[in-house]
Amino acid sequence: MTDASREQSMRRPIRRVSTLLLIMFVGLFGSSTMIQAVQADALQADPRNTRTLYDSFAVERGSIVVDGVQVALSTPSNDEFEWQREYPMGPLYAHVTGYNSLGQGSRGIEDAMNEELTGTANSQFFDQVLATLTGESPAGSSVELTIDAQAQQAAADALGDRVGAVVALDPDTGDVLAMYSSPTYDPNPFASHSTAAVTEVYDRLLADPQDPLHNRTIEGDQFTPGSVFKVLMLSAALESGQFTLDSEFENPAELQLPQSTHVVRNASRETCGPGETVTLETAFILSCNIPFAQLAQQLGADAIAQQAAAFGYGQTLDIPLRVQASSYPSDLNEPNLMLTGFGQHDVRVTPMQIAMTTAAIANDGTMMQPNMVDRVLAPNLDVISEPEPTILGNPVSAEVAAQVRASMELGVQEGLATNAQIDGVTVGGKTGTAERGEGRSFNLWFTGYGELDDQSVAVAVVVVPDENIVGDTSNVIAAPIGRAVIEAVLNS
Amino acid sequence: MTHQAAPRDQAAPSNALQTGIVQLRDVTEAIKVRIRNPAKLRNLELFLLIVAWVIAGSAMVLVQLGALQTVDLFPLQLAAGLGVLTLALHVALRVVAREADAIILPVATALNGLGIAMIYRIDIADGVTGWDAASMRQIAWTGVALIIAIVAIIVVRNHRVLARFRYLAMAIAFLLLILPLMPGIGRTINGATVWIGIGPFSFQPGELAKIALAIFFAGYLMTARDSLSVVGRKVLGVRFPRLRDLGPILVVWAMCMLVLVFQRDLGTSVLYFGLFLVMIYVATGRRSWMVIGVGLVALGGVAAYLSLGYVQRRIDAWIHAFDQSVYEAQGGSFQIVQGVFGMGQGGLLGTGLGLGRPDITPYANSDYIIPSLGEELGLAGIFAILGLYLILVSRGIRIGFQGPDDFTKLLGVGLAFVIGLQVFIVVGGVTRLIPLTGLTTPFLAAGGSSLLANWLIVALLLRLSDSVRGRGIV
């Protein structure tokens, strides 16, 4: 072979080898394109992708603010998460702020307002574009709450170590002024950057028989309302047009329910006042069960269910925390229907629902959508959103509301809710002591409202004592808590 | 007369017309020489080198800025180190290899610099500084590698002498390969016995072995190509070589299988065999060698899959990477999946240098440096890096086309292919194109042996390209 032909002879295989190399590189271009362009979104959504999780932590999460004080804030940390979430008020606002944890999900405002707090809400779209262009990492908005710091503190102080819940609403706007559930927990450990530490505290709280993670004001097993349900019953009676405050009911000391051996008694174990008959108003003020069992029988399940629905039973709400629907039972037989007349049997409510009912009465029959968010502020302090008060409905007429208010005010002045009295303040209220069955302690309730000048507040309080102690009535335990919260709101 | 058709290398002119043709040819040569003006070549190299320094330096500074929001002298010191070292090689070329390829050095510099930037980025994430920082060790190794490369290019003035030492090269390759199996100095890291350790230093001799092997193959094939080209029987339309010529390929195959079984290193095994296969094909032009080679790979592959547990796990982790059981298994797909997550997070443009989380993936600065770069530089960055490799490989292939003799051609193609194949095996592994095997990413990955070997390849390619005198244009 000559040199030239030798040279030629090697060229062809080399050309083939370079084609092979080119094909190999095309394969690499293709495989990296598949991952980084085609599958990128799906990969980011994979639950095992810790980078996505870290990224959600890496933004400067906005603060949660109550009355100008940060109850949740992010401070710089020197680890891969860049920011450390802190809850300076600890347990006081735990059920309000909730937490945003590594591996155990999120709760409360941290969960419900996550997009705003991380700056990823649609309303912040242009900020995001701008941040991308300028290369800044987008910061989240801060969320200012409607909570009244003094009312929240008063609720916590008044409830103390007892198991229970307190809700306060502004009847005119639906603003949530206090939301406290006991027992509570410290949200700070949930902000730990160690998944093991988060899991440890979560498991411990989950195993606690008193279930501190559960916000009793809006979710969970719910409560039997007992006599506070009579506010709704009185409204239904007056709204039906068949009854007035003076309508009379038979007044025995015991009432055996039809088709049943069950005997209903008044809380006093006596008749409801001295007469052969008792008026609806007196029965309400003295919170007698027998007349209300008769009232339920006469109104019928449909009318009561309709009134309950008008007050919001059966409806979940996002305020923006999710409020579970309270329920009035369906398919009732006659004895059970009569039991629901004083809030027993299968009536289940959240304290929020009871507060909403009272607030509607206090607001001339107009029920406002409860709302916890006052304003959302961008990092540059632009107001991103400011929810307007919204009307949920008009469950009762203004006249009926006025009559129910008059009865509730009498109840505080001379009835079973006297411990809610505040000098110089118009207070209306209703107590309730709900039986939860054999061997279980009562639910001690108070719901009411206070009005001073043009400010008003509606509250619902429920306490679940460890065991029933004679004399520990709802007027002794629950009403003073309600009074404390009403006072706190009206003073501030 | 048909003077124009006269062969180029015809004897001296015998008449006026022929003289005229010769003069015409001289003019053409002169033009070519002007185009290949050595000074211009080296100036072009210097210009591209400066571009490479700027790319590498900016990457190092941006890493610090992104990850720490500060700028101090450290990344600039890293960049200056790289600059001084590569400038030294450039100056050496001006003296001893004036016509060497002008593009290879800048491309290798850019890759080496990007690697140091990413290694430094992982150092920041790991919170290590000083000699604990892999980036410090990497720049030191770059220094060692470049000094050895400079020495090589100065000492080896005529690479053709290397052909004479082909059997010595073979012996060296064999020695380097079995070193990790020697008791006392061999080390097993992550299941593969490919390391030797002396004191605090560990070294992968297999990286250097690939150069020795390329020299041996080129030298051997240069002499044996004629006999290997002789064909024997024709089977199914393909002319196969004579049985007695099968010896060498079987020896190499056996050697690769030994690496596979005893060192448990799939990647190196495939790399060596692929290198030999391509070189024997280029030397003989016989496709039958490829058919035999692929057949032997298939045979070895099936046998390895059936008998070697770690090969099975690799295949499993490749195909079923996202299965939870494979993901959680010891030696499963956790690393692959995390690397893919990182690249996915990077998307088209990346998170920005210093702003991603590449350190989540194990070995983010060595085996997984490509996903780390993909996370922070995005698909755009990966394309640019693959493009740099493609340029580097094509410069080596070009020597194969234009080399003045068989040895140069074979060695040029062999060295270029070994870089290309190694990139394919590594990047293909982390992007799930092929099963993952442990090989280093040339120039990028943290590790001294790999840097040393690849800079030596660069030195050889530069030396080879210098011999491509007046035989083409830039």
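The values are calculated or read from the model by the stated rules, or taken from the named source; none is laboratory data. Just so we're clear, the structure is a prediction, and the values are computed from it rather than from any experiment. Methodologically, a virtual Cβ is constructed for each residue, glycine included, from the backbone with ideal geometry; neighbour enumeration extends over all protein chains shown. For the accessible areas, the whole protein counts, side chains as well, though only heavy atoms, and no ligand, DNA or RNA atoms are used. Shrake-Rupley method; radii C 1.70, N 1.55, O 1.52, S 1.80 Å.
Amide hydrogen proximity for A:SER106: with H placed 1.01 Å from N in the peptide plane, the residues at 5 or more positions away or on another chain lying under 5 Å are A:SER101.
Please report, in debye to the nearest 20, how large the charge dipole of chain A is about its Cα centre when each Lys and Arg carries +1 at its beta carbon and each Asp and Glu carries -1 there.
So the magnitude is around 2140 debye.
Run through every distinct alpha carbon pair of the protein assembly as shown and return the Kirkwood hydrodynamic radius in angstroms, one decimal place.
So the Kirkwood estimate lands at 34.3 Å.
Placing unit charges on each Cβ (+1 for Lys and Arg, -1 for Asp and Glu) gives chain A a dipole about its Cα centre, and among A:ALA42, A:ASN289, A:VAL347 the Cα reaching farthest toward its positive end belongs to A:ALA42. Sorted largest first by accessible area at a 1.4 angstrom probe radius, with every protein chain in place, the residues B:HIS320, A:HIS345 fall in the order B:HIS320, A:HIS345.
Cβ distances below 4.7 Å define possible disulfide partners, and in the protein assembly as shown the cysteines left without one are B:CYS256.
When the Cα positions of B:ALA380, B:ALA416, B:GLY232 are compared along the charge dipole of chain B, B:GLY232 comes out farthest toward the positive end, with charges on each C-beta of Lys, Arg, Asp and Glu.
Please list A:SER397, A:SER456 in order of solvent-accessible area, largest first, computed with a 1.4 Å probe with all protein chains present.
Largest accessible area first, the residues go A:SER397, A:SER456.
Modelled this way, with points 7 Å down the Cα-to-C-beta line, the labels at B:LEU68 and A:ARG440 are 6.2 nm from one another. When you filter the trypsin sites (Lys or Arg not before Pro) in region A:211-287 for DSSP loop state and at most 12 other Cβ atoms inside 10 Å of their Cβ, you are left with A:ARG269. Only the Cβ atoms of Lys and Arg (+1) and of Asp and Glu (-1) were treated as charged; on that basis the dipole of region B:159-307 about its Cα centre amounts to roughly 580 debye. Beyond 18 Å, the tail of the calculated P(r) for region B:297-341 holds 30 percent of the Cα pairs.
For region B:159-307, which semi-axes, largest first and in whole Å, follow from the square roots of 5 times the eigenvalues of its Cα gyration tensor? The partial results should precede the final answer.
Numbers: eigenvalues 179, 78, 19 Å².
Computed over region B:159-307, the values are 30, 20, 10 Å.
Extension gain for A:VAL69 to A:GLN413 (0.36 nm times residue separation, less C-alpha to C-alpha distance): 120.1 nm. The charge dipole of region B:281-396, taken about the Cα centre with unit charges on the Cβ atoms of Lys, Arg (+1) and Asp, Glu (-1), comes to about 600 debye, rounded to the nearest 20. Roughly how many whole Å is it from the C-alpha centroid of region A:21-67 to that of region B:392-459? Region A:21-67 and region B:392-459 have Cα centres separated by 30 Å.
If R0 is 45 Å, what FRET efficiency do you get for A:HIS262 and A:GLU388 from their C-beta distance, rounded to 0.05? Calculated value: 0.40. Tell me the trypsin sites (Lys or Arg not before Pro) within region A:360-434 that lie in a loop according to DSSP and have at most 16 other beta-carbon atoms within 10 Å. Loop-located and lightly packed - none at all. A simple rule links phi to the HN-Hα coupling: the Karplus curve 6.51 cos²θ - 1.76 cosθ + 1.60 with θ = phi - 60°, which for region B:269-282 gives 4, 5, 4, 5, 5, x, 4, 5, 4, 5, 5, 5, 5, 5 Hz, with x for Gly and Pro. The 3J(HN,Hα) values that the Karplus relation (6.51, -1.76, 1.60; θ = phi - 60°) gives for region A:292-303 are, in residue order, 6, 5, 5, 4, 4, 4, 6, 6, x, 4, 4, 4 Hz. Gly and Pro appear as x. The heavy atoms of B:SER325 offer some 80 square angstrom of accessible surface to a 1.4 angstrom probe. Summary value for chain B: 21 percent relative contact order, contacts being C-alpha pairs under 8 angstrom separated by 6+ residues. 3J(HN,Hα) along region B:55-68, derived from phi through the Karplus expression 6.51 cos²θ - 1.76 cosθ + 1.60 where θ = phi - 60°, amounts to 4, 5, x, 4, 4, 5, 5, 5, 4, 5, 4, x, 7, 10 Hz, with x in place of Gly and Pro. Taking a straight line from the alpha carbon of A:LYS430, these lysines sit under 23 Å away, with near neighbours fewer than eight places off in the same chain left out: A:LYS230. Per-atom-type breakdown for the protein assembly as shown gives carbon and sulfur 57% of the accessible area (1.4 Å probe, protein chains only).
With every protein chain in place and a 1.4 angstrom probe, the accessible-area ranking of B:MET60, A:MET89, largest first, reads A:MET89, B:MET60.
For region A:409-451, the set of GluC sites (Glu not before Pro) satisfying both a DSSP loop assignment and a count of at most 12 other C-beta atoms within 10 Å is given as A:GLU438. For region A:472-490 versus region B:241-292, the inter-centroid distance based on Cα atoms is 90 Å.
Helix A:474-491 sits at what angle to the longest principal axis of chain A, using alpha carbons and giving 0 to 90 degrees rounded to 10? Result, in degrees: 60.
Amide H contacts of A:VAL264 (H built 1.01 Å from N, in plane; Pro and chain starts excluded): A:LEU255, A:GLN256, A:LEU257 sit under 5 Å, all sequence-distant by 5 or more or on other chains. Measure nothing fancy, just the Cα-based angle from helix A:195-207's long axis to the longest principal axis of chain A, in degrees from 0 to 90, nearest 10. Here the helix axis deviates by roughly 20 degrees. You can think of it this way: the chain between A:GLN210 and A:GLU399 has 63.8 nm of extra reach, that is 0.36 nm per residue less the Cα-Cα gap. Any chance you could check the Cα centroid distance between region A:430-445 and region A:187-265 for me, in angstrom? So the separation of the two Cα centres works out to 9 Å.
In summary, the lysines within cross-link reach of B:LYS40, defined as a Cα separation below 26 angstrom excluding same-chain residues under 8 places away, comprise B:LYS32, B:LYS409.
Computed on the Cα atoms alone, the convex hull of chain A gives a volume of 205 cubic angstrom per residue. Classify chain B from the C-alpha gyration tensor, please: rounded if a/c falls under 1.5, else prolate or oblate depending on whether a/b exceeds b/c. Oblate, because a/c is 1.5 or more while a/b does not exceed b/c.
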